[in-house]
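Undergrad: Sharing a structure below in structure tokens format, with a few things to ask.
The values are calculated or read from the model by the stated rules, or taken from the named source; none is laboratory data. Just so you know, these numbers come straight off a predicted model, no measurement behind them. Counting neighbours? That spans all protein chains shown, and the Cβs are built from the backbone with ideal geometry, glycine included. For accessibility, only protein heavy atoms count, side chains too; no ligands or nucleic acids. Shrake-Rupley method; radii C 1.70, N 1.55, O 1.52, S 1.80 Å.
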Amino acid sequence: YQRRVHGIQQKKMVSGKIFSLGLLLLSYSALCASNLDTLTKMAKSSPSGVIILSEETFDQFLTSKRPNPYTMVVLFSIASNCEICPQVEESFASVSESYRSYLTKNSKEAATIFFAIIHFQQATYQLFNRYSIRTAPIVMISHQQMDKIKLPSMDTWYVSPNALPDGDKILEYVNKRTQLKVVLEKNPIAELFKAMVPILLLIALLLLVIKARAIIMEPISWFVLAVLVFLICCGGVVHNILHLSLIHI
């Protein structure tokens, strides 16, 4: 009789554990679906698909204790007083648009990828300090939940100080990590405008030379030009251009 009672108790314990495990799995699925739905809505509300993260949403979507059913490409940038950040953010947005278009056209691709930016400012100071981020911009790719105090070194790109990345370079970096073959989509009107600008400047320069030929031929003009070039070089302008560095936080 005691053995039967013991056996029944064991069965109840096993059933209870299975039930608890089932509840945990259901809760996990619900939380993952909730994050995925939230990210999808945030991405759709952005013209380029880039999500602006706060410290709270960063922790929610990237450092949770459960595996993430999505990949996030995050740009750590600076909200103000950064000359190079707007250029990098513009290139980052063009990559985001290209990925969104590619994944929409190729719905069979088993990839859920989001692009996001988090800016260094007073509200996010603690997060940047937690990860010991001292320079920006930085591009990071997270395939699963992250450590709360360390960036994934294999998937973190500290943007080169000597060659700011354009959209093609950022796209190449992301493609290698996602193993997709996304092509950067460019605005044909904007590309035509970029091609025409050098030609228009050259024409304007030739017209200026023709009209100011008499002044250009004067020795004093060349002397003034030489002095200006010397002062610019001594002032460190050329050095700063050649040694463009990351912004230190």
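Undergrad: State which residue is nearest to the chain's Cα centre (by Cα) when the search covers only region 95-118 and only residues that are in a helix (DSSP H, G or I) and of a type in the set (S, T, N, Q). Quick ask: steps written out before the conclusion?
TA: Residues of region 95-118 in a helix (DSSP H, G or I): 95-105.
Add one more test, that the residue is of a type in the set (S, T, N, Q), and what stays is 96, 98, 101, 104.
Values: Ser96: 9, Ser98: 13, Ser101: 17, Thr104: 20 Å.
The residue in question is Ser96.
Undergrad: Would you pick out the residues in region 96-127 that are in contact (Cβ under 8 Å) with a residue 40 or more places away in the chain and open to solvent by 60 Å² or more (accessible area, probe 1.4 Å)? It would help to see each step written out before you state the result.
TA: Step one: of region 96-127, the residues in contact (Cβ under 8 Å) with a residue 40 or more places away in the chain are 96-102, 109, 111-121, 123-124, 126-127.
Passing the criteria: Glu97, Arg100, Glu109, Gln121, Ala123, Gln126.
Undergrad: Among the residues of region 58-94, which ones are of a type outside the set (Phe, Trp, Tyr), in a helix (DSSP H, G or I) and either on the phi > 0 side of the Ramachandran plot or touching a strand residue (DSSP E or B) at 6+ places or on another chain (Cβ under 8 Å) (or both)?
TA: Scanning region 58-94 gives Leu62, Cys85, Val88, Glu89, Ala93.
Undergrad: Can you tell which of Ser45, Ser77, Ser54, Ser91 is closer than 30 Å to Lys181 by Cβ, surrounded by fewer than 16 Cβ atoms within 10 Å (Cβ to Cβ), at pLDDT 90 or above and of a type in the set (S, T, N, Q)?
TA: So the residue among Ser45, Ser77, Ser54, Ser91 that is closer than 30 Å to Lys181 by Cβ, surrounded by fewer than 16 Cβ atoms within 10 Å (Cβ to Cβ), at pLDDT 90 or above and of a type in the set (S, T, N, Q) is Ser45.
Results for (1) assigned to a loop (DSSP other than H, G, I, E, B); (2) touching a helix residue (DSSP H, G or I) at 6+ places or on another chain (Cβ under 8 Å); (3) open to solvent by less than 80 Å² (accessible area, probe 1.4 Å); (4) without any contact (Cβ under 8 Å) to a residue 24 or more places away in the chain, shown as yes or no for each residue.
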site: Val182; (1), (2), (3), (4): yes, yes, yes, no
site: Lys186; (1), (2), (3), (4): yes, yes, no, no
site: Lys194; (1), (2), (3), (4): no, no, no, yes
site: Val197; (1), (2), (3), (4): no, no, yes, yes
site: Leu200; (1), (2), (3), (4): no, no, no, yes
site: Leu207; (1), (2), (3), (4): no, no, no, yes
site: Ile210; (1), (2), (3), (4): no, no, no, yes
site: Ile215; (1), (2), (3), (4): no, yes, no, yes
site: Ile220; (1), (2), (3), (4): no, no, no, yes
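Undergrad: Let me ask another. For Leu26, work out the one condition from (1) surrounded by fewer than 12 Cβ atoms within 10 Å (Cβ to Cβ); (2) modelled with pLDDT of 90 or more; (3) not basic (Lys, Arg) it doesn't fulfil.
TA: With (1) surrounded by fewer than 12 Cβ atoms within 10 Å (Cβ to Cβ); (2) modelled with pLDDT of 90 or more; (3) not basic (Lys, Arg) applied to Leu26, the lone miss is (2).
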